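Presented below is the structure to which this report refers.
The values are calculated or read from the model by the stated rules, or taken from the named source; none is laboratory data. Nothing here was measured: the structure is a model prediction, and the numbers come from that model. Glycine also receives a Cβ, built like all others from the backbone with ideal geometry; neighbour counts cover every protein chain displayed. Only protein heavy atoms, including side chains, enter the accessible area calculation; ligands, DNA and RNA are left aside. Shrake-Rupley method; radii C 1.70, N 1.55, O 1.52, S 1.80 Å.
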Amino acid sequence: MSDENTKSRTSYDISIVRPRLKHGDFKMRGRDMAPARLKAIKKGLLTLHTLELMATTIYRFQITGEYCDFNRQLIAAMCNEMTHYQDFQVKLYEFGFKPGVTRLAFWFAGFAFGFGSRLLGRKAILKTGIWVESKAVRHYAELLDSIDWDEDTRKIIEKDQADEDSHIDRWRTLLGQTS
Ligand SMILES: [Fe+2]
Ligand SMILES: [Fe+2]
């Protein structure tokens, strides 16, 4: 279920779509870490970065030109995913890594899911969102459990996971109201 991975152990404010980031929050990381730990962190960050690109692209292509609250909610979700994408891109560079080139494939996957569901209508958009976000929450949980993150990065991953959980809740509520 959407809440089993995060709500019991975290209390992140999911009403904040784009948390404040100060100049001093940027740090060079990982110098004191063992190679095996760094390798795991790199793999985890690359995975999260590509998943967030896909999520951003899905919402982007689900938005229509209609003046309605549904589009407003999709725009907010897209912005939230852009924040997540930015979070992991910054962390990759702070650790001295580079984003993966193969993430372009995830852009195309996002486009296919986003545009495809948009063609099928609101219910398909919501069901796609719930499906993708549920996968993301599970993925986040696995990466949180299996990798020895530094404290700052762990907090970001937990906040982003709580955001994904809130997306599931929102889409489930809207799906229940959609006939
Ligand atoms: Fe996300
Ligand atoms: Fe999300």
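Which residues, counting only those in region 48-75, are in a helix (DSSP H, G or I) and out of contact with any Gly (no Cβ under 9 Å at 6 or more places or on another chain)?
If the condition is that a residue be in a helix (DSSP H, G or I) and out of contact with any Gly (no Cβ under 9 Å at 6 or more places or on another chain), then 48, 51, 52, 69, 70, 72, 73, 75 are the ones that fit.
Can you list residue pairs whose Cβ atoms sit under 8 Å apart, with the first residue in region 22-43 being touching a residue at least 12 places away in the same chain (Cβ under 8 Å) and within 20 Å of residue 87 (Cβ to Cβ) and the second being of a type in the set (S, T, N, Q) and part of a helix (DSSP H, G or I)? Count only pairs 6 or more apart in sequence or on different chains.
Close Cβ pairs (under 8 Å, with a partner that is of a type in the set (S, T, N, Q) and part of a helix (DSSP H, G or I)) amount to 29/153; 40/146; 41/153.
Out of region 126-158, which residues are open to solvent by 10 Å² or more (accessible area, probe 1.4 Å), over 26 Å from residue 34 (Cβ atoms), more than 11 Å from ligand 2 (Cβ to nearest atom) and not β-branched (Val, Ile, Thr)?
Of everything in region 126-158, those that are open to solvent by 10 Å² or more (accessible area, probe 1.4 Å), over 26 Å from residue 34 (Cβ atoms), more than 11 Å from ligand 2 (Cβ to nearest atom) and not β-branched (Val, Ile, Thr) turn out to be 127, 131, 138.
Look through 151, 142, 133, 164 and report the one residue that is acidic (Asp, Glu), out of contact with any Lys or Arg (no Cβ under 8 Å at 6 or more places or on another chain), within 16 Å of ligand 1 (Cβ to nearest atom) and farther than 19 Å from residue 14 by Cβ.
Being acidic (Asp, Glu), out of contact with any Lys or Arg (no Cβ under 8 Å at 6 or more places or on another chain), within 16 Å of ligand 1 (Cβ to nearest atom) and farther than 19 Å from residue 14 by Cβ holds for just one of 151, 142, 133, 164, which is 142.
How many residues are within 16 Å of ligand 1 (Cβ to nearest atom) and open to solvent by less than 60 Å² (accessible area, probe 1.4 Å) when one looks only at region 67-88?
Final tally of qualifying residues: 13.
May I ask you to list pairs of residues, at least six apart or on different chains, whose Cβ atoms are under 6 Å apart, with the first in region 142-166 being more than 13 Å from residue 45 (Cα to Cα) and the second being of a type in the set (S, T, N, Q) and in a helix (DSSP H, G or I)?
163/80
Which residues, taken from region 18-53, are under 17 Å from residue 140 (Cα atoms) and open to solvent by 30 Å² or more (accessible area, probe 1.4 Å)?
Residues satisfying the conditions are 40, 42, 43, 46, 47, 51.
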